[in-house]
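Right, one structure below, let's go through it.
The values are calculated or read from the model by the stated rules, or taken from the named source; none is laboratory data. As the structure is a prediction and not an experimental result, all values here were calculated from the model. Quick reminder, even Gly has a Cβ in these numbers, built from the backbone with ideal geometry, and neighbours come from all protein chains shown. Surface areas here come from the heavy atoms of the whole protein model, side chains and all, with no ligands, DNA or RNA. Shrake-Rupley method; radii C 1.70, N 1.55, O 1.52, S 1.80 Å.
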Amino acid sequence: MKNPATREGGRPSRPPPATWLARQPDDGIILGHNRIAGMILISPHVQADRAGMAAEMGQGLRDDGLSLSLVSNLEPEGGDILAGTYRGVLAGREIKARGFGILSPHGGGIYVLALALVDEFSSELEQAGRAVARSIQFSRPRAAQDNPLIGTWKDIRGSGHTLITLYPDGTFTWYRDYAASGQGWGFSNRDESTGRWQSRGTHRAGTIFYQTSEGEQGSMDYRVLVEKGEAYWNEYYFDGTLFVRQ
């Protein structure tokens, strides 16, 4: 399980109850309660099917002082939801968690993780996590004409060529060729990759999350080029490098 942000196209069907407090950092949504110990983490995944989601859930979670391992079988929770029990540590303290994986019919989906210290984990917290998981609804991804990121992008650096193509079905291709040191003119080396992507943010700026067909996951910030207050929608910075639409 990874811990990036909410998936575009997936959201709780209604805001959390007034007794729950929501915080939305760059890497997801965190729900906390003034009476129920623990917290609920909501984050997206880019798995294409149930098998891929189950495999990723089975790997547990390792992120910023949080380490969780699956200690039960994954169980169906109705529809396209799988659930499992996890044990691990957070900031050096033992914790327990119940994790829920939800698969979107459009590809990708959402993870919901209810966790607390071992001696504070309660059925109330687990039930709240389950309720959040069951409340998730998915909308069809925006059409290509409504999403300015979709298309083929080329960097404008003088050395080598990098092409990124983001398809409306949530897949991508990435290609780069470059000259090897000391070999003079020409491009003797190349890298290629394919996989799935999703974005979170606005048309102007946000983050692209991706998973390659080899299973590598990562993220890339994006922002549109703005000069004198005017946005140039055919030019975007991806991780600080300017790309132009082809």
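Consider Ala37 carefully, then state whether it is touching a helix residue (DSSP H, G or I) at 6+ places or on another chain (Cβ under 8 Å), at pLDDT 90 or above and open to solvent by less than 30 Å² (accessible area, probe 1.4 Å).
For Ala37, the condition - touching a helix residue (DSSP H, G or I) at 6+ places or on another chain (Cβ under 8 Å), at pLDDT 90 or above and open to solvent by less than 30 Å² (accessible area, probe 1.4 Å) - is not met.
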Seminar exercise, completed: For the stretch 79-104 the number of residues that are closer than 13 Å to Gln59 by Cα and assigned to a loop (DSSP other than H, G, I, E, B) is 0
For this session: With the checklist (1) at pLDDT 90 or above; (2) out of contact with any Ser or Thr (no Cβ under 6 Å at 6 or more places or on another chain) in hand, flag the one item Asp49 doesn't pass.
Result: (1)
For this session: Answer yes or no: is there a residue in the stretch 22-29 that is within 23 Å of Leu117 (Cα to Cα), open to solvent by less than 20 Å² (accessible area, probe 1.4 Å) and at pLDDT 55 or above.
Result: yes
For this session: Return only the number of the condition from (1) surrounded by fewer than 17 Cβ atoms within 10 Å (Cβ to Cβ); (2) within 20 Å of His45 (Cβ to Cβ) that Gly65 does not satisfy.
Result: (2)
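Residues in the stretch 205-217: is at least one outside any strand (DSSP E or B), within 19 Å of Asp155 (Cα to Cα), open to solvent by 40 Å² or more (accessible area, probe 1.4 Å) and touching a residue at least 24 places away in the same chain (Cβ under 8 Å)?
No, the conditions are met nowhere in the stretch 205-217.
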Problem set entry | Unmet criterion (only one of (1) under 29 Å from Thr19 (Cα atoms); (2) of a type in the set (Asp, Glu); (3) in contact with a strand residue (DSSP E or B) (Cβ under 9 Å, 6 or more places away or on another chain)) for Asp64 | (3)
Exercise. Of the residues Trp233, Trp197, which single one is of a type in the set (Phe, Trp, Tyr), at negative phi, modelled with pLDDT of 85 or more and open to solvent by 80 Å² or more (accessible area, probe 1.4 Å)?
Worked result: Trp233
Seminar exercise, completed: Selection from the stretch 218-230 of residues surrounded by 15 or more Cβ atoms within 10 Å (Cβ to Cβ) and either touching a residue at least 24 places away in the same chain (Cβ under 8 Å) or of a type in the set (A, V, I, L, M) (or both) yields Ser219, Met220, Tyr222, Val224, Leu225
Problem set entry | Some residue of the stretch 72-86 being without any contact (Cβ under 8 Å) to a residue 60 or more places away in the chain, surrounded by fewer than 17 Cβ atoms within 10 Å (Cβ to Cβ) and under 20 Å from Ile30 (Cβ atoms) | no
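Of these, Leu117, Leu113, which one is loosely packed, with under 15 Cβ neighbours inside 10 Å and modelled with pLDDT of 95 or more?
One residue alone meets the criteria, Leu117.
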Exercise. Which condition breaks for Asp49 when tested against (1) open to solvent by less than 30 Å² (accessible area, probe 1.4 Å); (2) over 23 Å from Ser123 (Cα atoms); (3) charged (D, E, K, R)?
Worked result: (1)
For this session: List the number of the failed condition for Asp146; all other conditions in (1) touching a residue at least 24 places away in the same chain (Cβ under 8 Å); (2) under 21 Å from Gly206 (Cβ atoms) hold.
Result: (1)
